[in-house]
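A.B. asks: Would you mind keeping the following structure in view while I ask a few things?
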Amino acid sequence: MKPLERDELLVRLDEKSNNIYHLVEKQERHLAELNNKVAKNVLNIDRNSNRIASLENLITSGVSLKLNKRQVTIGSAGVIAIITTIVAVLDKVIK
């Protein structure tokens, strides 16, 4: 191989190596972006799975309704007031 051909070959090899280096850098950046997206999707899937499991548990076991004494008293007074109002209205309608 002549020195001129050798030099041209070395220049082409250097350009190819440089291009390959830049392509690899672009691929690494792109891969990092994809990895971030995949990590976010994995977290979202896990969070959604936990939410679905808790909703399924809630549906199967039901919601426990525990009222304190004050709430029971106020609710009972409200029911009594409604019944009294209905009886008074019916009494006026009947007369």
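A.B. asks: Ser49 - would you say it is under 32 Å from the mean Cα position of the chain (by Cα) and surrounded by 10 or more Cβ atoms within 10 Å (Cβ to Cβ)?
C.D. replies: yes
Okay, residues lined up against (1) surrounded by 10 or more Cβ atoms within 10 Å (Cβ to Cβ); (2) modelled with pLDDT of 95 or more; (3) at negative phi:
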residue	(1), (2), (3)
Asp14	yes, no, yes
Leu23	yes, yes, yes
His30	yes, yes, yes
Lys40	yes, yes, yes
Thr60	no, no, yes
Lys66	no, no, yes
Ile83	yes, yes, yes
Val89	yes, no, yes
Lys95	no, no, yes
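A.B. asks: Against the condition exposed (fewer than 10 other Cβ atoms within 10 Å of the Cβ) and out of contact with any strand residue (DSSP E or B) (no Cβ under 6 Å at 6 or more places or on another chain), how does Leu4 come out, does it pass?
C.D. replies: Judged against the criteria, Leu4 is a match.
A.B. asks: So is Leu31 assigned to a helix (DSSP H, G or I) and more than 20 Å from the chain's Cα centre (by Cα) or not?
C.D. replies: Here the answer is yes, as Leu31 does meet what is asked.
The values are calculated or read from the model by the stated rules, or taken from the named source; none is laboratory data. Here the structure is a predicted model, which means the values were calculated and not measured. Cβ sites come from the backbone with ideal geometry, for glycine too, and all protein chains shown count toward neighbours.
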